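The values are calculated or read from the model by the stated rules, or taken from the named source; none is laboratory data. Fair warning: this is a prediction, and the values are worked out from it, not measured in the lab. Cβ placement follows ideal geometry from the backbone for every residue including glycine, while neighbour counts extend to all protein chains displayed. Accessible surface is based on the protein model in full, side chains and every heavy atom, while ligands, DNA and RNA are left aside. Shrake-Rupley method; radii C 1.70, N 1.55, O 1.52, S 1.80 Å.
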Protein chains: 2
Amino acid sequence: MKEIEGGITSVPGFRSAGVACGIKTTGAKDLAVIVCDDVAVSAGTFTSNKVKSAPVLVSMERIKSGKAKAIVANSGNANACTGEQGIKDAKRMTELVASGLNISPELVLVASTGKIGRKMPMDKIENGIKLALSGLSYTGGHDSAEAIMTTDTFSKEIAVEFDIQKKKAHIGGMVKGAGMINPNMATMLCFLTTDVCIEQSFLQKALKSAVDVSFNMISVDGDTSTNDTVLILANGKAGNSPINRLDSSYEVFLRALTYVTTSLAKMIAKDGEGATKFIELRVRGAKTEQDARKACHTIARSPLLKCALFGEDPNWGRIMSSLGISDIDMDQNKVDIWFDDLKIAQNGISTGFSEESAKDILKKKEYVITIDLKMGNAKATLWTCDLSYDYVKINIV
Amino acid sequence: MKEIEGGITSVPGFRSAGVACGIKTTGAKDLAVIVCDDVAVSAGTFTSNKVKSAPVLVSMERIKSGKAKAIVANSGNANACTGEQGIKDAKRMTELVASGLNISPELVLVASTGKIGRKMPMDKIENGIKLALSGLSYTGGHDSAEAIMTTDTFSKEIAVEFDIQKKKAHIGGMVKGAGMINPNMATMLCFLTTDVCIEQSFLQKALKSAVDVSFNMISVDGDTSTNDTVLILANGKAGNSPINRLDSSYEVFLRALTYVTTSLAKMIAKDGEGATKFIELRVRGAKTEQDARKACHTIARSPLLKCALFGEDPNWGRIMSSLGISDIDMDQNKVDIWFDDLKIAQNGISTGFSEESAKDILKKKEYVITIDLKMGNAKATLWTCDLSYDYVKINIV
């Protein structure tokens, strides 16, 4: 497997366009359309928030058929908490794309991100969709990736090439992240394309597995959005014989897909709102994997710890304190903690480490915090960032 | 019932002193001793964090006897994550007080607050205890309240006088709060005194009830400390016949106690680290009280919402989004939301309220956010604050 240039349109058979249609008042790109030349096998995962945006509700319904040909997405307005009008508007977006492509609206998926509780500016969106459809291209992936950005500071895309049954296959992906990022989907939209030939139920299974160890293991601020959506379209053009059981071909695909989602997930954590640090948090020695994941998430949600990390202060007590509220099986007298390779705590008390060495590590832009609970053999890894003045500044409005 | 001057020493029969002994490098007061002239009936509640400080472990053990004569508390060092040495040091603090008062160490309770993971400077503490014991006075409550402050910007105390069985009775209290404040105790120490005559099991029951609707219903940042402690000593000097059942005398006492703990809890939320707003959050129409409390806590834990409140931005979508992740019984199409008396959302969508009127409310230093879930009749109230630049600044170290 190797990384290749580009993103979603680096996969044969996919066109895309990203345009500015005035939903964002800044004039930045705010509407993207992705089209598969053929009808693709589709799968998706959606926010666990009980308050779901209109496009999430519509796409959750549509994904059940397992088939799709296009995705339309906008930034600048979340179309959430908009009632029946919101549902109508989300459906209208799919109808506009469908009529331009001369296909059924049932084959179009929809996603939105932006401010909650505002009516969609449908006149602008109508123009935007027309503009995007007329600009579709086999190199349009980058424009699309820009069109779904909100407070992101850089666009996020990746593509990989790998061999499956001796055929060349590809996966491309783009994502937006930044704030409101936490378990079970974030304010994140992620669109993935692939030319692998795979049955729908295995595509859905692989997507869920990949999302569980990537997007569900990043945390910026512990908030989970109403709009989170991950969609994948598979057009089968790679020519492999259909993946329809958990064999080595499935494993090859899953590994490539996980690489793509993990890479995109890390980009989100690196670009967390106001983030100055990128931290890999490893919990091992947990009794169960669920405990390991819980510990990761509780620690990553501590504003106190995240402020200390911003301040480059080796305040490991805040890690201990977060562990203690994470509702996992633990013994405070067993916990070991490292910053990179420097052991900070052993059996729950300070190792008498050098504060200077610890600060040298915390001064870096990227480092690893490892926690060994010594209760069992389960482990988990999460990627997070610090909490800075700029997080507050970005979220004042 | 009426509020009277002072705090814990406004109750007859209690002496106290607060001194500076150098645990804090600033030279501020950092050690307090509270002494009851007689042996008092005692009760306590402690942090739910599985990582518990040494003084919490010692006091949890001691409180079982239901009797106490003194409390020793320090700020500047939490004596948490300090292993066996920490336990020895906490016990040593009680022994030093006990030997000065010529009583058994079993009658002395201990509490600490400050940085986690550092050995206690026992030489300084020894001097501090000597100094405090020699300075005990019936007007020393205020000095004590100052001695337990950490990042608090003002000392927090209250006293009330009320009639019970036609006798004058009193409750005095002091608390420290500021950061790491959340459900099930905060980095908060609270010491309460009363002259009411009450059996231990009823004192414990009343304390738990009062704490549940006060200290357990404030939230600054969603972190729960390793050191949270609430202790009450009752010396029986009011002369009422002992409260030993759930009768009207118990109700009178509980009402006064709840008034005291709620007043102190609100002071903590008002003095939240970096707080510029004091917000009363009311959730009603919940299916169960547990749902109402959960909803309050999840909303109050959202950094996104708290930044918006700091920015005086009526971003009610962040309330909806938090409700959706709070794991309660809800229907997004039923939710109503108010800022003070201004209805912002009805049945989950915007009322088309005036942004200007909403901003006028959010500009105030104190206001109420009300949420009606329309699922049932249960309700809860929580007090919280916003998340400002200064929260980050304070917690960098």
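Stokes-Einstein D for region A:37-86 at 25 °C, 0.890 mPa s, Kirkwood Rh over Cα pairs, in µm²/s? The partial results should precede the final answer.
Details: Rh = 12.2 Å.
My calculation gives 202 µm²/s for D.
Candidates B:Gln290, B:Leu362, B:Ala308 compared by Cα position along the dipole of region B:278-394: farthest toward the positive end lies B:Gln290, with charges placed on Cβ. At q = 0.19 Å⁻¹, what is the base-10 log of I(q)/I(0) for region B:122-178 according to the Debye formula with one equal point scatterer per Cα and no solvent? Please give it to two decimals. For region B:122-178 at q = 0.19 Å⁻¹, log10 I(q)/I(0) is -0.83. In summary, the lysines within cross-link reach of B:Lys50, defined as a Cα separation below 17 angstrom excluding same-chain residues under 8 places away, comprise A:Lys287, A:Lys294, A:Lys334, A:Lys374.
How high is the relative contact order of region A:278-394, given as a whole-number percent (alpha carbon pairs under 8 Å, six or more residues apart)?
Details: 226 pairs, mean separation 54.9, N = 117.
47 percent.
In this rough spin-label picture, where each label sits 7 Å from Cα along the Cβ direction, the A:Glu355-B:Val213 distance is 4.6 nm.
Based on the alpha-carbon gyration tensor of region B:96-149 and its eigenvalue square roots a ≥ b ≥ c, which shape applies: rounded if a/c is under 1.5, prolate if not and a/b is larger than b/c, or oblate?
On the way: a/c = 1.72, a/b = 1.18, b/c = 1.46.
Verdict is oblate for region B:96-149.
Calculated on the alpha-carbon coordinates, the convex hull of chain A measures out at 129 cubic angstrom per residue.
Take each residue of peptide B:46-53, count the partner chain Cβ atoms within 10 Å of its Cβ, and average: the result is 6. Rounded to the nearest 10 square angstrom, B:Arg118 shows an accessible area of 100 square angstrom against a 1.4 Å probe.
Rounded to the nearest 100 Å², what is the buried accessible area between A and B, both sides summed, probe 1.4 Å? Roughly 4400 Å². Counting other Cβ atoms within 10 Å of each Cβ, which trypsin sites (Lys or Arg not before Pro) in region A:217-276 have at most 13 and sit in a DSSP loop? Here the sparse-neighbourhood loop sites are A:Arg245. Separation of region B:320-349 and region A:1-53, taken as the distance between their Cα centroids, equals 31 angstrom. Estimated translational diffusion coefficient (Stokes-Einstein, Kirkwood radius over Cα pairs, 25 °C, 0.890 mPa s) of the protein assembly as shown: 88 µm² per second. The heavy atoms of B:Phe154 present about 80 square angstrom of accessible area, all protein chains included, probe 1.4 Å. Computed with a 1.4 Å probe on the full set of protein chains, the accessible area for B:Thr381 sits at about 40 Å². Going from the chain on its own to the full set of protein chains, region A:332-371 has these residues losing 20 Å² or more of accessible surface (heavy atoms, 1.4 Å probe, no ligands, DNA or RNA): A:Gln332, A:Ile349, A:Glu355. Taking the DSSP beta bridges with both ends in chain A, the antiparallel portion is around 70 percent. The mean number of Cβ atoms from other chains found within 10 Å of a Cβ in peptide B:311-322 is 6, as a whole number. Shown here is the pair-distance distribution of region A:1-47: with all Cα-Cα distances grouped in 5 Å bins from zero up to the longest one, the shares run 5, 15, 16, 19, 21, 16, 7, 2, 0 percent. The other copies place their A:Gly83 label points at 6.4 nm from this one, listed shortest first, where each point is 7 Å from Cα along Cα→Cβ. Calculated [222 nm] ellipticity per residue, helices only, for chain A: -9500 deg cm²/dmol; basis is -39500 (n - 2.57) per DSSP H run with n ≥ 4, divided by all residues, nearest 500. Excluding ligands, DNA and RNA, the accessible surface per residue across region B:278-394 is 38 Å² with a 1.4 Å probe.
Interface residues of region A:278-307, defined as a loss of at least 50 Å² in heavy-atom accessible area between the chain alone and the complex of all protein chains with a 1.4 Å probe, are A:Pro303, A:Leu304, A:Cys307. Shape summary: region A:241-397 maps onto an equivalent ellipsoid whose semi-axes, from the alpha-carbon gyration tensor, are 29, 22, 14 Å in decreasing order. Considering only protein heavy atoms and a 1.4 Å probe, what is the carbon-and-sulfur percentage of the accessible area of the protein assembly as shown? C and S fraction of accessible area: 48 percent. Panel note: contact residues of region A:115-133 (accessible area lowered by at least 20 Å² against the chain on its own; 1.4 Å probe) correspond to A:Lys115, A:Ile116, A:Gly117, A:Arg118. Calculated accessible area for region A:2-267 comes out at 34 Å² per residue, all protein chains present (probe 1.4 Å; ligands, DNA, RNA ignored). On the basis of the beta-carbon distance and an R0 of 51 Å, B:Asn102 and B:Thr276 show a calculated FRET efficiency of 0.55. Computed on region B:115-219, with alpha-carbon pairs under 8 angstrom and 6+ residues apart, the relative contact order is 19 percent.
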